[in-house]
Every structure is written in C-alpha cells, then in structure tokens.
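Read through the structure below, which is laid out as structure tokens, and then see the notes.
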Amino acid sequence: MTVSIKDVARAAGVSTSTVSRALGQGPVSADVLRRVESAVAATGYRPNLAARQLRSQRSRTIGLIIADIRNPFFTQVSRAVEDVAYAAGMRVLLCNTDEDPEREAMYLELMAEERVSGLIVTPTLHLTAAALQRVDRPVVLIDRTVKGGDFDSIVLDNTRAAAQLVDHLVACGRRRIVGLFGSTSSTGGERRAEVEAALTRHGLPVRSIMSPPSFDAGHAALAEMLDREHPDALILSNGLFVRAALKLCHERRIPIPERLALAGFDDEVWSDLVNPGMTVIRQPVEAFGREAMTALLGRIGEARTPPRRITLSGELIVRGSTAPA
C-alpha cells in the first residue's frame, strides 16, 4: 500500500502543510521536525525528492568539493563530514577537483543545478569569492581560504605548526633546512611563509620550493632540488610530499636521519610503521570535517551573521626521522 503525506501528517499529529515544510526545510520547530521524521520512519513514507526540491528550491543535500580524494587528509575529512550530515538527515554530494580550476568551476555549476542546501569547499587558488557567491547557498571553506571571501572557514594554526617544526629541527642540530610546499592552495603559501619566517628568526638561510601537491610532482621537485643542493633537513607541507621524500631517500640510499631529517604535516596510518618513524604535525582531521558540517548546518536557514574563522591546533609528533645529527 502506498503511504501518502496525509498518513505521515496523521501519525505526527500535524497538518499536511506542516509535513511539507518539515521535509522541505521550511520553518518548523525542532519538536515538530522530530515528530515528522519519526512518522516518516514509522510509516515508511518515501517523498518525491525531485518534486520537493523544485517546490522548495533546495534539497536536503550538501555539496562537498575537495581537492584530491587520494590524499588521506581529504578522505578522512570527507568521512567526518558525511557522518555529521547523515546524523542530521542530510545527503552528501562529493566531487573531486584534482586541483583543476576547470573541474572546480564545473562542479560549482553542478551544485547550483542540484539546488544543494549548502557547500563545503577546499578551494584552489583560482577560485574567487564571486564564483562562490553565484551559487547563492551557504558556504564553508575547509583547510583553505579565498581572498575577499565572506565565508566561514575551518583552518589549521599554520603559524604555530611551522614554528614547532623549525624549532624542533634546529634543536636537533639541523641548519640547512629546505621546505617543499603545495603551489595550488592558500595553505601551501601560508605554510611556506610561516616556515620562512621561523627560519629567519633563527638566523638560518631561507630555502623553499613549490610544487603541485601530488606524490609524483613532489617526488620530481625534490629529486631536482637534491641534484643541486645538500640540505640536512626537509619540511614537507602535506602527507603526499612526506611519502615522496621517503621514497626518494630509499631510491638514492640517503640515510634518514643521519644525512637527511624528514618532518612534515599529516600523521598518516603508516607514519609510525616505517623505520624510522616520521616526525609530523598531526592535524585534527576529523575535527575539520565535523566543524565544517556543523558550521554549515548552522548557516542553512539562518539569518546572516558575520563569518567565523575556526582555527584548529596541530600536535607535533616526534619520531626517529628527525633524530639529532
């Protein structure tokens, strides 16, 4: 037997128009919303999502646009976003840009067409505030920011993290420190600036290189640099770069940490399994996803308030890759 919206209204003790508002994200109280959702579950009602979306001009779907699904950081962030969204009765439409501005623009158009309720985005450097505003939905930025953007953002305290890495390497006797940073995001540029500032504070030479934030690109950039220079420590700005540096050292039989110390961002599952273990900044990855989705839920249907920047702290995890020289 087909269950109708009238059956749901009867089970919830409300009118059919109230059920429509609740299912379409209209203005209803939290108590009414719970009663309607319970009635939907009890009756097995399956609303016509497409029709409801057209009527309400929005859906119970949020868009998640990330930079690289192969990067474990973004994989874990996506999982945390989905967990919070599921608990709130929302669906997640996941898109992967591969740091490509054209793909990013295409997915933003898709989100507008799908009438998502809101967006969580890890933007490339090419993304403008105007492009995000044209989607005309609440937006939360994660891990990165957009110039001139009036959006909530969840970011790491890169100033503190950079200082921790440099201070630790200097305390271990390292003096020729080179950093490798992602070239396609605001985070890569920010980490580069903060590491260089910390090196300057210690009176050490400032040397850094930029690369697209992928394993292959990082490996190539490091190989080219090591053909010319002889650093005694590397700071890697993401987990893919840490892996690339580790592989290159194995290929060239560069002893870690005797000849070259490695330290970077992202405590991946293998970081303490290799020998020596990797010294890293452990980011609160799940907190990025939870905070972003919670912030977005707060924005959906809410009156406009000033944007918030939530800054999370990383933790320095010291392992054998940076043992004193």
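Taking Arg259 and the conditions (1) free of Cβ contacts under 8 Å to residues at least 40 places away in the same chain; (2) in a helix (DSSP H, G or I); (3) under 21 Å from Ala220 (Cβ atoms), which numbered condition does it fall short on, given that it satisfies the others?
(2)
Taking Gly298 as meeting all but one of (1) touching a strand residue (DSSP E or B) at 6+ places or on another chain (Cβ under 8 Å); (2) without any contact (Cβ under 8 Å) to a residue 12 or more places away in the chain, write down the number of the exception.
(1)
So Leu248 fits all but one of (1) within 23 Å of the chain's Cα centre (by Cα); (2) farther than 19 Å from Ser186 by Cβ; (3) of a type in the set (A, V, I, L, M, F, W, C); what number is the exception?
Against the list (1) within 23 Å of the chain's Cα centre (by Cα); (2) farther than 19 Å from Ser186 by Cβ; (3) of a type in the set (A, V, I, L, M, F, W, C), Leu248 comes up short only on (1).
Of the numbered conditions (1) surrounded by 17 or more Cβ atoms within 10 Å (Cβ to Cβ); (2) among the polar types (S, T, N, Q); (3) without any contact (Cβ under 8 Å) to a residue 40 or more places away in the chain, Gln133 fails exactly one; give the number of that condition.
(1)
Considering only residues that are touching an Asp or Glu at 6+ places or on another chain (Cβ under 7 Å), crowded, with 19+ Cβ neighbours inside 10 Å and among the charged types (D, E, K, R), which ones fall in the range 70-114?
Glu99, the sole residue that qualifies.
Go through (1) without any contact (Cβ under 8 Å) to a residue 24 or more places away in the chain; (2) surrounded by fewer than 19 Cβ atoms within 10 Å (Cβ to Cβ) for Cys249 and report which single condition fails.
Single failed check for Cys249: (2).
Among the residues of the range 302-317, is any out of contact with any Leu (no Cβ under 9 Å at 6 or more places or on another chain), touching a residue at least 12 places away in the same chain (Cβ under 8 Å) and crowded, with 21+ Cβ neighbours inside 10 Å?
no
In the set Ile209, Ile256, which member is in contact with a Cys (Cβ under 6 Å, 6 or more places away or on another chain) and either at pLDDT 95 or above or in the same structural domain as Asn275 (by TED's automatic domain parsing) (or both)?
The conditions single out Ile256.
Which pairs turn up if I take residues in the range 73-97 that are at negative phi and look for partners that are among the aromatic types (Phe, Trp, Tyr) and part of a helix (DSSP H, G or I) with beta carbon separation below 6 Å, at least 6 apart in sequence or on another chain?
That search, which allows pairs on different chains as well, returns Val77/Phe288; Cys95/Tyr107.
Is it the case that the range 213-229 has a residue that's surrounded by fewer than 20 Cβ atoms within 10 Å (Cβ to Cβ) and not in a helix (DSSP H, G or I)?
Yes, some residue in the range 213-229 is surrounded by fewer than 20 Cβ atoms within 10 Å (Cβ to Cβ) and not in a helix (DSSP H, G or I).
The values are calculated or read from the model by the stated rules, or taken from the named source; none is laboratory data. Because the structure is predicted, anything quoted here is derived from the model rather than measured. Reconstructed Cβ throughout: ideal geometry from the backbone, glycine too, with neighbour counts over all protein chains shown.
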